[in-house]
Amino acid sequence: MGIVFKQTFNNTIVTFFGFGIGAINTLFLYTNFLTKEYYGLVTVILATAALLMPVLTFGAQNTLVKFYSSYKDSKDVNSFLSLMLYLPLILIIPLGIFSYFANDFIGNFIAEKNEEVKDYVWYIFFIGLAMSYFEIFYSWVKVHMKSVFGNFMKEVFGRLCIAILLVLVYYNVITVDFFLKALVAVYVLRMVIMKIYAFTLEMPSFSFKLPNNYVSIVKYSALIILGGSAAVILLEIDKFMLNQYVEIENVAFYGVSVFIATVITVPSRAMHQITHPLTAKLLNNKDKPELRKLYKKSSLTLFIISGIIFLLIMLNLQELYKLMPVAYRGGVLVVFLIGLTKVLDSILGNSNSILFNSDYYRAILVMGVLLAILVVFLNYILIPAYNLEGAAWATFIAIASFNFAKIMYVYAKFKMHPFSIDTLKVLLILSALGGLFYFINFNFHPIVNIVLKSILISIVYVLVLYKLRVSEDVYSIVSSYLKKKK
């Protein structure tokens, strides 16, 4: 786990920094520098582009990770990498042509409730295209076990650029219309920089010769489109469908609540950058003992970290709301439900990597598609009845069901699960801390209250984990720190 821990640690720092900038953007700059309507418009554009992204990639980002380590000859590698660059064009070109001729039809469909969305079809397409090739080049560097720079570009670069643009809007240096155009440019620039870095690690020969197993590659990629689309639908369809049923400013309110909860995913996003290619390598080498070890250790580590972040968010949420405009306050249930889904995702460890890189990926893709249909149906039923909370319930039910299905399937096929007695210990510790600190509050400025309460909870949490020796990683880190202090 040395390389996993080292790169996970670096990625976690980068991702937390990125989310820190994202928090400033989401909770303060967007909410104060843009109107509610324009903030809602940005949320819809980015969510719809994210829904389009897995289709435009043609599954190449996952295919690259799965097959790369199986090639030994440099000529085969070149043929494979070239195919990964050309493959997405199979869908990008026809979808681009369709968007050109059906621009009004698409615009009218996505603007059924909110007319202002109609004029931004091309913004959505180009951001989705830039997201697609960025993910391909990001996978390109991950297979070389070099994930930190890519993680910086994914988590920090775009958010930092957007923060600068929002400040320029506030000081009337640029208009909101120019901001929206610049938003597209930021995603394109991010993709170009990622491409340059990927090619410095391994420059393809741009061969038109197909690899020997190209049939398997294309089949896998085509199926991964379904899996990738299903995964993104589970994450983003709520914002897209809210745009179809409620006023666009409500999408902004919902987006703020979702972002607060999404902070919980920072550790898992960081760890998966390195565990995904490592899992593929273990599967290709048929090293089941190490795979089992990685499965349990990644699950416990992520539960320890995501659990305490969830607790800190919920116990400090009312103080955080005091720092935000009145219109954006509320949504406690949305934060709780979405946050709980993120914790459940973390408990899975590297389950997704195991399934998508194994010979059983077809079955999990079918389950993903069925659950994507379920979440669309639930949103269709619950949003008109319960508005924002309905969207949160739909997401929670669908993702909890999907996660349960994945755990059971991994157990059925690999005879292993991510849980241990330490998982139960962490759950009990978090429950006890939540019950204790729910009643402890301070009467200072909200920021001081959040900092004090968070430090106090974190110290107690780490000390209890250390005394009970729940995790060897936590124990070794704390022991090393205490030795240095002595």
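When you go through (1) over 30 Å from ILE364 (Cα atoms); (2) open to solvent by 20 Å² or more (accessible area, probe 1.4 Å); (3) of a type outside the set (Gly, Ala, Ser) one by one for ASN449, which number turns out not to apply?
(2)
Please identify the pairs in which a residue from region 28-50 that is within 30 Å of ILE92 (Cα to Cα) has its Cβ atom under 6 Å from the Cβ atom of a residue that is in a helix (DSSP H, G or I) and of a type in the set (Lys, Arg), counting only partners at least 6 apart or on another chain.
THR43/LYS239; ALA47/LYS239
Going through ILE407, ILE397 one at a time, which residue ends up being farther than 12 Å from SER351 by Cα and either surrounded by 15 or more Cβ atoms within 10 Å (Cβ to Cβ) or at pLDDT 90 or above (or both)?
The unique qualifying residue is ILE397.
Is there a residue being part of a helix (DSSP H, G or I), touching a Pro at 6+ places or on another chain (Cβ under 7 Å) and open to solvent by 20 Å² or more (accessible area, probe 1.4 Å) anywhere in region 278-294?
Just the residues of region 278-294 that are part of a helix (DSSP H, G or I), to begin with: 278-284, 288-294.
Narrowing further to those that are touching a Pro at 6+ places or on another chain (Cβ under 7 Å): none.
So far as region 278-294 goes, no, none of its residues is part of a helix (DSSP H, G or I), touching a Pro at 6+ places or on another chain (Cβ under 7 Å) and open to solvent by 20 Å² or more (accessible area, probe 1.4 Å).
Looking only at region 203-254, how many residues end up being open to solvent by less than 40 Å² (accessible area, probe 1.4 Å) and more than 30 Å from TYR30 (Cα to Cα)?
The qualifying residues number 9.
For LEU189, which of the numbered conditions (1) within 21 Å of PHE125 (Cβ to Cβ); (2) open to solvent by less than 60 Å² (accessible area, probe 1.4 Å); (3) not acidic (Asp, Glu) fails to hold?
(2) is the only condition that LEU189 fails.
Residues of region 13-48 being crowded, with 19+ Cβ neighbours inside 10 Å and under 14 Å from the mean Cα position of the chain (by Cα), which ones?
If the condition is that a residue be crowded, with 19+ Cβ neighbours inside 10 Å and under 14 Å from the mean Cα position of the chain (by Cα), then THR15, GLY18, PHE19, GLY22, LEU46, ALA47 are the ones that fit.
Pull up region 131-169, narrow it to residues that are charged (D, E, K, R) and under 14 Å from the mean Cα position of the chain (by Cα), then point me to the one that is least open to solvent (accessible area, probe 1.4 Å). Show your work before the answer.
Initially, region 131-169 is screened for residues charged (D, E, K, R), giving 135, 142, 146, 154-155, 159.
Adding the requirement that they be under 14 Å from the mean Cα position of the chain (by Cα) leaves 135, 154-155.
Working: GLU135: 31, LYS154: 57, GLU155: 1 Å².
Among residues in region 131-169 that are charged (D, E, K, R) and under 14 Å from the mean Cα position of the chain (by Cα), the one least open to solvent (accessible area, probe 1.4 Å) is GLU155.
Quick one: is SER306 surrounded by 20 or more Cβ atoms within 10 Å (Cβ to Cβ), touching a Lys or Arg at 6+ places or on another chain (Cβ under 9 Å), part of a helix (DSSP H, G or I) and not acidic (Asp, Glu)?
On the way: surrounded by 20 or more Cβ atoms within 10 Å (Cβ to Cβ): yes; touching a Lys or Arg at 6+ places or on another chain (Cβ under 9 Å): yes; part of a helix (DSSP H, G or I): yes; not acidic (Asp, Glu): yes.
Answer is yes for this residue.
From the list ASN357, ASN352, pick out the single residue that is polar (S, T, N, Q), open to solvent by 30 Å² or more (accessible area, probe 1.4 Å) and modelled with pLDDT under 90.
One residue alone meets the criteria, ASN352.
Considering only region 255-266, state which residues are open to solvent by less than 10 Å² (accessible area, probe 1.4 Å), modelled with pLDDT of 85 or more and within 12 Å of the chain's Cα centre (by Cα).
ALA261, ILE264
If I go through region 182-209 residue by residue, how many of them are free of Cβ contacts under 8 Å to residues at least 12 places away in the same chain and either outside any helix (DSSP H, G or I) or not hydrophobic (A, V, I, L, M, F, W, C) (or both)?
Of the residues in that region, 2 qualify.
Kindly provide the set of residues from region 417-465 that are among the hydroxyl-bearing types (Ser, Thr, Tyr) and assigned to a helix (DSSP H, G or I), ordered by number.
Hits for region 417-465 are THR423, SER431, SER454, SER458, TYR461.
Go through region 48-89 and give me each residue that's in a loop (DSSP other than H, G, I, E, B), at pLDDT 85 or above and within 16 Å of LYS209 (Cα to Cα).
LEU87
Pairs under 6 Å by beta carbon, first residue free of Cβ contacts under 8 Å to residues at least 12 places away in the same chain in region 463-474, partner open to solvent by less than 90 Å² (accessible area, probe 1.4 Å), six or more apart or different chains?
Short answer, once both residue conditions are applied: ARG469/TYR475.
Cβ-Cβ distance below 8 Å, separation of 6 or more or different chains: which pairs start in region 102-120 with a residue that is in contact (Cβ under 8 Å) with a residue 12 or more places away in the chain and end on one that is open to solvent by 40 Å² or more (accessible area, probe 1.4 Å) and of a type in the set (Asp, Glu)?
Note: pairs meeting the criteria are GLY107/ASP119; LYS113/GLU247; ASN114/GLU247; GLU116/GLU37.
Kindly check whether there is at least one residue in region 325-346 that is in a loop (DSSP other than H, G, I, E, B), without any contact (Cβ under 8 Å) to a residue 60 or more places away in the chain and either within 26 Å of ALA23 (Cα to Cα) or among the aliphatic types (A, V, I, L, M) (or both).
Within region 325-346 (the criterion being in a loop (DSSP other than H, G, I, E, B), without any contact (Cβ under 8 Å) to a residue 60 or more places away in the chain and either within 26 Å of ALA23 (Cα to Cα) or among the aliphatic types (A, V, I, L, M) (or both)), the answer is yes, since at least one residue qualifies.
Being closer than 30 Å to TYR475 by Cα, surrounded by fewer than 19 Cβ atoms within 10 Å (Cβ to Cβ), within 24 Å of the chain's Cα centre (by Cα) and aromatic (Phe, Trp, Tyr) is the requirement here; does PHE414 meet it?
no
The values are calculated or read from the model by the stated rules, or taken from the named source; none is laboratory data. Treat the numbers as computed from the prediction; the structure is a model and nothing was measured. In this analysis, Cβ positions are derived from the backbone assuming ideal geometry, glycine residues included, and neighbour counts consider all displayed protein chains. Ligands, DNA and RNA are excluded from the accessible area calculation, which covers all protein heavy atoms including side chains. Shrake-Rupley method; radii C 1.70, N 1.55, O 1.52, S 1.80 Å.
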